[in-house]
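> Here it is, the structure, as structure tokens.
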């Protein structure tokens, strides 16, 4: 048995029993993967056979899955999707800022902050209870009617409506994360001389965000889908572009194309959310070590 130079301890070598356990786990994992792949392929094959052999499949394929129609509509739909992405980025920034402010307002201590806490609570309760579509109508058609501002594009009002709605959800998630941080963290920070603001910014919020990252990612994925609702205000996004193509071709394939593009847009964030959730669960199971 070889020894490490400069040390008297022998290098670690797993025992025969440990090697046998590792081999067993590898074999079981490989068998599970094979069974999963086989069952998935069988299920997919059965589903395809049922669809293809259904009486109305030929008509459905012509109406919803026409390749030529999809390629003809692709440039306009992808151009509309770019508008959705722009709205999503701006809305995500606005939601992060407003949601954080609301979460902090709801966790303020002291009787003097009671009006702020009540206002934040009323805001979150209202916008979590009202459907996003109604907020889009009220903001997109009601606010311009006040003639407070000049003429703004519909995507502007759609972005405002999304920020108003999703800030309420994000604020409650962040508030739960802030309250989940142990009070000893605040006390330790204050004992080191940190002010209340620095304690919140440097100690509490980073831990709170880390605790609720999976939930925040889920809200972001939901907002990705609801970005398509701005089409009800007249914005020519992917959904409205698909609607225009459907009206000109009398074929629903552009809707399917827009749906596929939205799925492809959200899929990386969905997988990232799953990875973050699994990583957090693993960290908790092994006692907090990464």
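> In nm, give the distance between the simple-model label positions of residue 141 and residue 277, each being 7 Å from the Cα along the Cα-to-Cβ direction.
That separation, rounded to one decimal, is 3.7 nm.
> How big is the convex hull of the Cα atoms of the chain, per residue, in Å³?
That works out to 253 Å³ per residue.
> Find the relative contact order for the chain and round it to a whole percent, using C-alpha pairs within less than 8 Å whose residues are 6+ positions apart.
25 percent
> If I take every Cα pair under 8 Å that is 6 or more residues apart in region 166-290, average their sequence separation and divide by the length, what percent do I get for the relative contact order?
23 percent
> At residue 187 and residue 15, where each label point lies 7 Å from the Cα along Cα→Cβ, what is the point-to-point distance in nanometres?
4.5 nm
> Express in nm, to one decimal, how much length is gained between residue 112 and residue 57 on full extension, taking 0.36 nm for each residue of separation and deducting their alpha carbon distance.
Separation in residues times 0.36 nm, less the Cα-Cα distance, equals 13.1 nm.
> Give the distance, in whole Å, between the Cα centre of region 224-251 and the Cα centre of region 112-150.
25 Å
> Also: Counting helices only, and only those DSSP H runs with n ≥ 4, report the 222 nm mean residue ellipticity of the chain as the sum of -39,500 (n - 2.57) divided by its residues, in deg cm²/dmol to the nearest 500.
-25000 deg cm²/dmol
> Based on other C-beta atoms within 10 Å, arrange 174, 194 from fewest to most.
Ranking 174, 194 by Cβ neighbours within 10 Å, fewest first, gives 194, 174.
> How much length is gained if the chain between residue 194 and residue 232 is pulled fully straight, taking 0.36 nm per residue apart and subtracting their Cα-Cα distance, in nm to one decimal?
The span from residue 194 to residue 232 would gain 8.8 nm if fully extended.
> Hey, rough spin-label estimate for residue 50 and residue 31, points 7 angstrom out along Cα→Cβ, what's it come to in nanometres?
3.0 nm
Values in this text are rule-based calculations from the coordinates and carry no lab data. Worth saying up front: this structure is predicted, and the values here are computed from it rather than measured. All Cβ positions, even for glycine, are placed from backbone atoms using ideal geometry, and neighbour counts span all protein chains on display.
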